[in-house]
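The values are calculated or read from the model by the stated rules, or taken from the named source; none is laboratory data. Note that the structure is predicted; figures quoted are calculated from it, not measured. Every residue, glycine as well, gets a Cβ built from its backbone with ideal geometry; the counts of neighbours run over all protein chains shown. Just so you know, the surface numbers come from the protein's heavy atoms only, side chains and all, with ligands and any DNA or RNA stripped out. Shrake-Rupley method; radii C 1.70, N 1.55, O 1.52, S 1.80 Å.
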Amino acid sequence: MTKGEMESVEVFTSEGKGRGLKARKEFLPGDVIFAEPAYAAVVFDSLTHLVCHTCFKRQERLHRCGQCKFAYYCDRTCQRAAWLNHKNECSAIKRHGKAPTENIRLAARIMWKIEREGSGLAEGCLVSIDDLQNHVDSFGEEEKKELRADMESFLEFWPPQSQQFGMQNISHIFGVISCNGFTLSDQRGLQAVGVGIFPNLCQANHDCWPNCTVIFNNGKIELRALSKISPGDELTVSYVDFLNLSEERRKQLKKQYYFDCTCEHCKKQIKDDLMLAVKAGESKPSAEMVKEVIQFSKDTLEKISKARMEGLYHEVVKLCRECLKKQEPVLGDTNIYLLRILSIASEVLSYLQMFEEAADYAKKMVDGYLKIYHPNNAQLGMAVMRAGVTHWHAGLIEAGHGLICKAYAILLITHGPSHPITKDLEVMRVQTEMELRMFQQNEFMYYKMREAALKNQKIQVMPEPSNETSPSLFHKKE
């Protein structure tokens, strides 16, 4: 965090919420309030050989550390940049015989940094590691058991020649990781690949309808303004996806972050009516019918989850079609159970290259999302982008270009022009604009050229659907 960025925000005591961050100057939508490198960060256990341990980019061919045979890097530049943080880890892994889990590795990296620099206020930080909240006192029995197991594993891994820390210090660090570990995504922001600690970001409180968003870009997290922010306004981010009923969001926040959400949207249950919408008009369904369809939707979502895990995508499509048939006469177009099925159906059908049906569902999904989400929501932007690409694949160039332009406008604010996904989208926007012009001049020629182009190139297959939702803000065990 630069001196200028540090001067544009301040830590304050927020009533009923502990510490918070507030603006000291005006910010407009899309402004970067601050960019912060990780105090410490590690790659997830399952991806250690697929992602660079310095910049967190996914690469086809990575260079392995010749000493510990565990860490992987893009190239010599990334390897050299990592050495200060990897040096102790490297020898500890060799001594231990294998690398421990991501939580242990992250705790060790934090401890080695404290050993090097002390636990006081680090350069560019508004608060010290000692001052971060750990919520260990609020842990339930299961969490306490996991904490004890992590501490035992840590002590086995921690080298005897390194500075020895008391149990309270170690417990504090694991508590900090548990409630402040921030999810790092790959370079395109599509997959969660690691976890890191960012002390300044940790000071931003939650709001279900926030004025800021957080994006991992080029090795740093960026806190970006979503709406106009005046000096003195509190800076807030959302810890959970808004696409849940207020009661569900509050339960999730209490379980994972140990606080009761008192934001306006939760207190007044704003948008809950849209998320529970039923068909209006003369043929309004009975309460019993609505209850039955929602239960059927929940059961179907469980079956879908199982089929996706097993890679049975045609079965997923069949389940979605059956569910939509039951939902459409009963549920309103913004009902979250309808939107969840539409989202899965459009994603899986795109993967199976059944683009026309996928586009139809994607359009309905986006229409619903636009009525629910904040207009500058990153998840909304990504969903609109996917819908635009699906329409383009289906040969629906006008609708595809319109959706890609809408997504680009959102991502310019949420991700910024330098983010790889925004750059990709700009290329798509230019290409679809050119195709649209050709289509408007001569529809017949456009389809002929498109057909020839698709014959000569492999169709760009959509990525295989994953069971994960888009990366959440903080890395929490469910």
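For ASN376, nonlocal amide neighbours, meaning residues 5 or more places apart or on other chains whose placed amide H falls under 5 Å from its own, do not occur.
Among 227-235, 125-133, how do they line up by average Cβ neighbours within 10 Å per residue, starting with the highest?
Values: 227-235: 15.4, 125-133: 18.2.
Going from most to least packed, we get 125-133, 227-235.
What part of the accessible area of the chain, given as a whole %, is carbon or sulfur when the probe is 1.4 angstrom?
Carbon and sulfur together cover 50 percent of it.
In the chain, the ratio of gyration radius to Kirkwood radius, Rg to Rh, stands at 0.98 when only Cα atoms are counted.
Beta bridges assigned by DSSP with both partners in the stretch 193-347 are antiparallel in approximately 80 percent of cases. Here's how it looks for ARG19: its modeled amide H is under 5 Å from those of SER14, which are all 5 or more places away or on a different chain. Computed with the Debye formula from one identical point scatterer per Cα of the stretch 194-304, without solvent, the log10 of I(q)/I(0) at q = 0.15, 0.22, 0.24 Å⁻¹ comes to -0.84, -1.27, -1.38. Taking the Cα centre of each part, how many Å lie between the stretch 87-163 and the stretch 374-388? Between the Cα centre of the stretch 87-163 and that of the stretch 374-388, the gap is 37 Å. Summing Cβ point charges (Lys, Arg +1; Asp, Glu -1) relative to the Cα centre of the stretch 236-379 gives a dipole of roughly 380 debye. Report the one residue of VAL290, SER305, MET275 whose Cα lies farthest in the direction of the positive end of the charge dipole of the stretch 269-310 (charges on C-beta: Lys and Arg +1, Asp and Glu -1; origin at the Cα centre). So the residue we want is SER305. Under a model in which nothing but the beta-carbon of Lys, Arg (+1) and Asp, Glu (-1) is charged, the chain shows a dipole of about 960 debye around its Cα centre.
All alpha carbon pair distances within the stretch 82-149 were sorted into 10 Å bins beginning at 0; the resulting P(r) in whole percents reads 16, 39, 34, 11.
Relative to the present Cα-Cα distance, how much length would full extension add between VAL32 and ASN169 at 0.36 nm per residue of separation? Kindly include the intermediate steps, with their values, before the conclusion.
Values: separation 137, 0.36 × 137 = 49.32 nm, distance 3.38 nm.
Stretched out fully, the VAL32 to ASN169 stretch lengthens by 45.9 nm.
Once C-alpha pairs closer than 8 Å and six or more residues apart are averaged by separation and normalised to the residue number of the stretch 29-170, the relative contact order reads 18 percent.
Tell me the volume per residue, in Å³, of the convex hull enclosing the alpha carbons of the stretch 401-444. Let's see the in-between values first.
Working: hull volume 2.4 nm³, N = 44.
In the stretch 401-444, the Cα hull volume divided by residue count equals 54 Å³.
In terms of the Cα gyration tensor, with a ≥ b ≥ c the square roots of its eigenvalues, is the stretch 41-89 rounded because a/c is under 1.5, prolate because a/b exceeds b/c, or oblate? It comes out rounded by the Cα gyration axes.
Take every Cα pair under 8 Å in the stretch 171-228 that's 6+ residues apart, average their separations, divide by the length, and report that relative contact order as a whole percent. Present the calculation step by step, with values, prior to reporting the outcome.
Values: 57 pairs, mean separation 13.6, N = 58.
In percent, rounded to a whole number, it is 24.
Taking only C-alpha pairs under 8 Å that are 6+ residues apart, what is the relative contact order of the chain in percent? About 16 percent, as a whole number. When each of the peptides 154-163, 194-203, 71-80 is scored by how many other beta carbons lie within 10 Å of its residues on average, the order from highest to lowest is 194-203, 71-80, 154-163.
Phi angles across the stretch 50-58 convert, under the Karplus curve 6.51 cos²θ - 1.76 cosθ + 1.60 with θ = phi - 60°, into 3J(HN,Hα) values of 10, 10, 5, 7, 9, 9, 6, 8, 7 Hz, Gly and Pro given as x.
3J(HN,Hα) couplings calculated from phi for the stretch 403-415 with the Karplus curve 6.51 cos²θ - 1.76 cosθ + 1.60 (θ = phi - 60°) are, in sequence order, 5, 5, 5, 5, 5, 4, 4, 6, 5, 4, 7, 6, 10 Hz; Gly and Pro show x.
With the simple model of a label 7 Å out from the Cα in the direction of the Cβ, GLU282 to ASP260 spans 4.8 nm. Under 5 Å from the amide H of ASP241 lies no amide H of any residue 5 or more positions distant or on a separate chain, with H modelled from the backbone and absent for Pro and chain starts. Computed from backbone phi, the HN-Hα couplings of the stretch 226-236 come to 9, 9, 5, 10, 9, x, x, 6, 6, 8, 10 Hz, rounded to whole numbers (Karplus: 6.51 cos²θ - 1.76 cosθ + 1.60, θ = phi - 60°; Gly and Pro given as x).
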